[in-house]
1. With n ≥ 4 as the cut-off for DSSP H runs, can you work out [θ] at 222 nm for the chain, using -39500 (n - 2.57) per run divided by the number of residues, rounded to the nearest 500?
2. May I ask what percent, to the nearest 5, of DSSP beta bridges between residues of the chain are antiparallel?
3. For a Förster distance of 25 Å, can you work out the FRET efficiency between the beta-carbons of Leu6 and Phe31, rounded to the nearest 0.05?
4. Give me the dipole magnitude in Debye, nearest 20, for the chain about the Cα centre, with unit charges on the beta carbon: positive for Lys and Arg, negative for Asp and Glu.
5. Out of the stretch 72-178, which trypsin sites (Lys or Arg not before Pro) are coil in DSSP terms and have no more than 16 other C-beta atoms within 10 Å?
6. Per-residue HN-Hα couplings for the stretch 45-60, Karplus 6.51 cos²θ - 1.76 cosθ + 1.60 at θ = phi - 60°, whole Hz, x for Gly and Pro?
7. Given a cut-off of 22 Å, what percent of all Cα-Cα pairs of the chain lie beyond it?
8. So which residue, out of Gln96, Gln66, Gln33, gets the largest mean-square fluctuation from a GNM of the chain using Cα contacts under 10 Å as springs?
Amino acid sequence: MQQERLLKVLVIGDLGVGKTSIIKRYVHQIFSQHYRATIGVDFALKLLNWDHKTVVRLQLWDIAGQERYGNMTRVYYREAVGALVIFDMTRASTFQAVLKWKGDLDSKVALGNGRPVPAVLLGNKCDQLTTGLCSKLPKLENFTRDHGFVGWYETSAKDNTNIDAAIMCLVESIMTVE
Ligand code: GTP
Ligand code: MG
């Protein structure tokens, strides 16, 4: 017998970091340079043949960056079992916002056992880096651990770098929680 698991995953981070682009790349294999801000929330669904007896229905909730200033995140976050927290590697302010998003997340949703929902950190737009980030990598390693992320990736929705790997890391972590 095949079983189905529905996983609600949040995609959060500041305005323009590439949340919608990452989802479009992952689900539809497309990328556009054109920026159209998400209003409120958008949804996408991806089916994964997880193992021989499990199909995962991955429901991605694409939360508008501007929602950090709104009152709706508590509603959007309800029943979520994981999150991708995204920043733009070319804009430091979006990295500073990562902890605000993580804090917002952990204050409004938790697993049944009270533990925080697994979250993976994504530094997006790595295709735009002119200088190597290498010197900063050990710091990001520590940052990830210190702030309770289950992993971190440099990603590019444009070049399709590490998008699958980051989402797999999150789903693995969700599926091994119980
Ligand atoms: P909000 O909906 O306003 O919260 O923004 P968002 O996080 O959904 O950002 P969106 O995906 O709309 O991307 C914003 C802009 O960044 C668009 O112009 C994208 O084309 C661009 N962008 C997204 N990802 C990448 C990337 O990996 N590399 C490059 N070079 N540009 C990217
Ligand atoms: Mg968007």
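1. Working: 5 runs with 55 residues, N = 178.
Counting only the DSSP helices, I get -9500 deg cm²/dmol.
2. Values: 11 of 35 bridges.
Among the beta bridges of the chain, antiparallel pairing accounts for roughly 30 percent.
3. Details: r = 27 Å, r/R0 = 1.09.
According to the calculation, E is roughly 0.40.
4. Details: 22 positive and 18 negative charges, 57 e Å.
I would put it at about 280 debye.
5. Values: sites: Arg74, Arg78, Arg91, Lys100, Lys102, Lys108, Lys125, Lys136, Lys139, Arg145, Lys158; in loops: Arg78, Arg91, Lys125, Lys158.
Hits after loop and neighbour filter: Arg78, Arg91.
6. 10, 10, 9, 10, 7, 6, 9, 4, 10, 10, 9, 9, 9, 8, 9, 9
7. Numbers: 6436 of 15753 pairs.
Percentage above 22 Å: 41.
8. Ranking Gln96, Gln66, Gln33 by mean-square fluctuation puts Gln33 first.
The values are calculated or read from the model by the stated rules, or taken from the named source; none is laboratory data. What you see is a predicted model, and the numbers here were worked out from it, not measured in a lab. Quick reminder, even Gly has a Cβ in these numbers, built from the backbone with ideal geometry, and neighbours come from all protein chains shown. For accessibility, only protein heavy atoms count, side chains too; no ligands or nucleic acids. Shrake-Rupley method; radii C 1.70, N 1.55, O 1.52, S 1.80 Å.
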